[in-house]
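What follows is a set of notes on a single structure, which appears directly below.
The values are calculated or read from the model by the stated rules, or taken from the named source; none is laboratory data. The structure presented is a predicted model; accordingly, all values stated were derived computationally and were not measured. Virtual Cβ from ideal backbone geometry, glycine too; neighbours counted across all protein chains shown.
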Amino acid sequence: MRVYVPLTLPGLAEAYRTGVLGTGSFVAYAVTPELRQWCGSEDLEELEYAALGQAALASLRLLAADRSATPRRVVVAADVPDRAVRTGPDADAELSELGEVMVAAEVPLAKAAAVHADAEDAERDVAAAAEALAEADAGDDHELAAVEAADHHELLWYATQEIPNLVRQS
């Protein structure tokens, strides 16, 4: 199953240093039945793009929690065995976001298919979105607009061979 793991640039640097994307049980995003229903589509490319978008929002939440990180959203796409992914009623009660899954296995960074990350020119909008996120979640329309401004920046696709260059930017 393809999962999308939200990170920050320092998180990606740590995964590169250790060679492990995640250990134990960690949150990722994937095409789940709930995501399919929400999208109203069976187009796998469209569904994976929606899961990527949910992971990008989770990356923004990580940035809101760590203001020292370079304000660029990072998502790693990785392939993991289906049996390592828990969704729905069998998953932890903590799962609340659309497409959110628990990966219950160590995932070597070598299993990454690609990295998606903001370009440098998105940093200003991403920083503003991270700052506005709590108020946006509380329903503040002005702050929601700041979060949406970051969402207008498409995440760029990077081959796994480009990870060393990305982590130098952290």
Failed condition for GLU48, given (1) among the charged types (D, E, K, R); (2) within 20 Å of GLU154 (Cα to Cα); (3) free of Cβ contacts under 8 Å to residues at least 24 places away in the same chain; (4) touching a strand residue (DSSP E or B) at 6+ places or on another chain (Cβ under 8 Å) | (3)
Of everything in segment 90-99 that's within 25 Å of ASP137 (Cα to Cα) and surrounded by fewer than 23 Cβ atoms within 10 Å (Cβ to Cβ), which residue is modelled with the lowest pLDDT?
-> ALA93
Would segment 66-79 turn up any residue that is assigned to a helix (DSSP H, G or I), in contact with a strand residue (DSSP E or B) (Cβ under 6 Å, 6 or more places away or on another chain), buried (at least 19 other Cβ atoms within 10 Å of the Cβ) and not aliphatic (A, V, I, L, M)?
-> no
Among what's in segment 1-47 and is under 12 Å from the mean Cα position of the chain (by Cα) and part of a helix (DSSP H, G or I), pick the residue that is surrounded by the most Cβ atoms within 10 Å (Cβ to Cβ).
-> LEU12
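Against the definition (among the hydroxyl-bearing types (Ser, Thr, Tyr), out of contact with any Lys or Arg (no Cβ under 9 Å at 6 or more places or on another chain), touching a residue at least 24 places away in the same chain (Cβ under 8 Å) and farther than 18 Å from GLU100 by Cβ), how does THR70 come out, yes or no? I'd like the intermediate steps shown before the answer.
Values: among the hydroxyl-bearing types (Ser, Thr, Tyr): yes; out of contact with any Lys or Arg (no Cβ under 9 Å at 6 or more places or on another chain): yes; touching a residue at least 24 places away in the same chain (Cβ under 8 Å): yes; farther than 18 Å from GLU100 by Cβ: yes.
So THR70 passes the test.
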Subset of segment 96-116 [in a strand (DSSP E or B) and touching a residue at least 60 places away in the same chain (Cβ under 8 Å)] = GLU100, VAL101, MET102, VAL103, ALA104, VAL107, PRO108, ALA112, ALA113, VAL115, HIS116
What is the number of the single condition among (1) surrounded by fewer than 14 Cβ atoms within 10 Å (Cβ to Cβ); (2) of a type outside the set (Ser, Thr, Tyr); (3) in contact (Cβ under 8 Å) with a residue 12 or more places away in the chain that LEU63 does not meet?
-> (1)
